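Take a look at the structure set out below.
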Amino acid sequence: MSTNSSSPTRRSILAASAAAVVGSGLAPDLAKAQQVGTKRTDLQRHDLSIPGREMIQVVVELAPGVTAPAHTHPGEEIIYVLEGLWEYQVEGKPPVTLKAGEVLFIPAGTIHSAKNVGSSNGAELATYIVEKGKPLLTLAK
């Protein structure tokens, strides 16, 4: 995927993402306070056939040099890097650096953080399979 924000593909993805957010009823979540240099766009949320579980999908963007602090989720996270160069620190594993088109799986409850180590905007598609009714993110102590 091109990192040029004016490319037709990038514009199509952003337009589709915006339409999904508005159409899904998640738009009020966009007003939540966010860390400087971080943008989170909720795309969709659905109950699963597994009792007590839901799927949440978001686009997370980090400005160059910005780090998402160490945190956990009450379920699994599946990451697909859309653009930029990301370094992930996952508890119990060596750091891994991923570029656009690469993926990462983070097990439930595992402490992890991410940093945009590139010189341009970084974006990832994060899909969570989590326990319904629990906070999506808990900062690590």
Within the stretch 104-141, the residues that are touching a His at 6+ places or on another chain (Cβ under 8 Å), in a strand (DSSP E or B) and farther than 15 Å from Pro69 by Cβ are Tyr128, Val130
Does any residue in the stretch 90-103 that is part of a loop (DSSP other than H, G, I, E, B) come within less than 8 Å, Cβ to Cβ, of a residue that is of a type in the set (A, V, I, L, M, F, W, C) six or more places away or on a different chain, and which pairs are these? Glu91/Ile111; Ala100/Met1; Ala100/Val81; Ala100/Leu82; Gly101/Met1; Gly101/Val81; Glu102/Val81
Would you be able to say whether some residue in the stretch 24-36 is outside any helix (DSSP H, G or I), over 18 Å from Tyr128 (Cα atoms) and modelled with pLDDT of 95 or more? no
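With modelled with pLDDT of 95 or more, in contact with a Lys or Arg (Cβ under 7 Å, 6 or more places away or on another chain) and part of a strand (DSSP E or B) as the only criterion, which of Val59, Val81 stands out?
Values: Val59 fails: in contact with a Lys or Arg (Cβ under 7 Å, 6 or more places away or on another chain).
The unique qualifying residue is Val81.
The values are calculated or read from the model by the stated rules, or taken from the named source; none is laboratory data. Bear in mind that the values here come from a model prediction, so they are computed numbers and not experimental data. Please note: Cβ atoms are built from the backbone with ideal geometry, for glycine as well, and neighbour counts cover all protein chains shown.
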